[in-house]
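Reading through the structure tokens given below for one structure.
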Amino acid sequence: MKEVIVFLAEIVNVFHDLLLEVSQSSGWNLTDKELHFWIIGILGIIGLIFVDVLFHMIARWSITVISFLFTLSMVLVFVLAVEIQQKITGRGAMEFNDAAISVLGFLAFCVVYFFMKMIAKWIRTR
């Protein structure tokens with residue numbers, strides 16, 4: 001897990017330095033904060049438009065799918081935060097397998113929930 005985070009951080013650092021260099025060489029002279037404002041702002045709005053279009057398509061089919069995707073993203077962030085906390089405090093090992101099994105636990109409980117929901121719907125239609 002540590003290696004994955006270090007690798008991702010290195011990718012972000014390379015892009016950060018590249019964008020800062022492009023900013024300086026093109027005469028924009030953006031500060032680090034201004035660079036963050038523009039890059040995260042642009043990436044965020046692209047993400048919002050993509051997710052908005054996708055979720056509107058999914059909403060025609062099922063709101064539960066949107067609920068699942070939102071909750072899954074929260075679980076992923078929480079699991080990553082727990083693993084980072086374990087590394088910082090030294091209480092437990094920061095391992096990819098811990099994160100994977102945590103997400104698998106969420107998915108297993110979702111299967112049970114969706115199955116119970118399906119049975120309840122089947123009973124109501126009878």
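Read-outs: derived from the displayed coordinates by stated rules, not from any lab. What you are looking at is a predicted structure, and each value in this text was computed from that prediction instead of being measured. Because the Cβ atoms are built from the backbone with ideal geometry, glycine has one as well, and the counts that use them run over all protein chains shown.
Assuming R0 = 25 Å, can you tell me the calculated FRET efficiency for the pair Phe114 and Phe7, based on Cβ-Cβ distance, to the nearest 0.05?
0.15
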Query - Distance (nanometres) between label positions extended 7 Å along Cα→Cβ at Leu69 and Val22 - result: 2.7 nm
Report summary line: Over its alpha-carbon atoms, the chain yields an Rg and a Dmax in Å of 20.6, 70
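Assuming R0 = 30 Å, can you tell me the calculated FRET efficiency for the pair Val53 and Thr89, based on Cβ-Cβ distance, to the nearest 0.05?
0.15
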Query raised in the report: Of all trypsin sites (Lys or Arg not before Pro) in segment 45-99, which ones are in loop regions per DSSP and have a Cβ with at most 13 other Cβ atoms within 10 Å?
Result: Arg60, Arg91
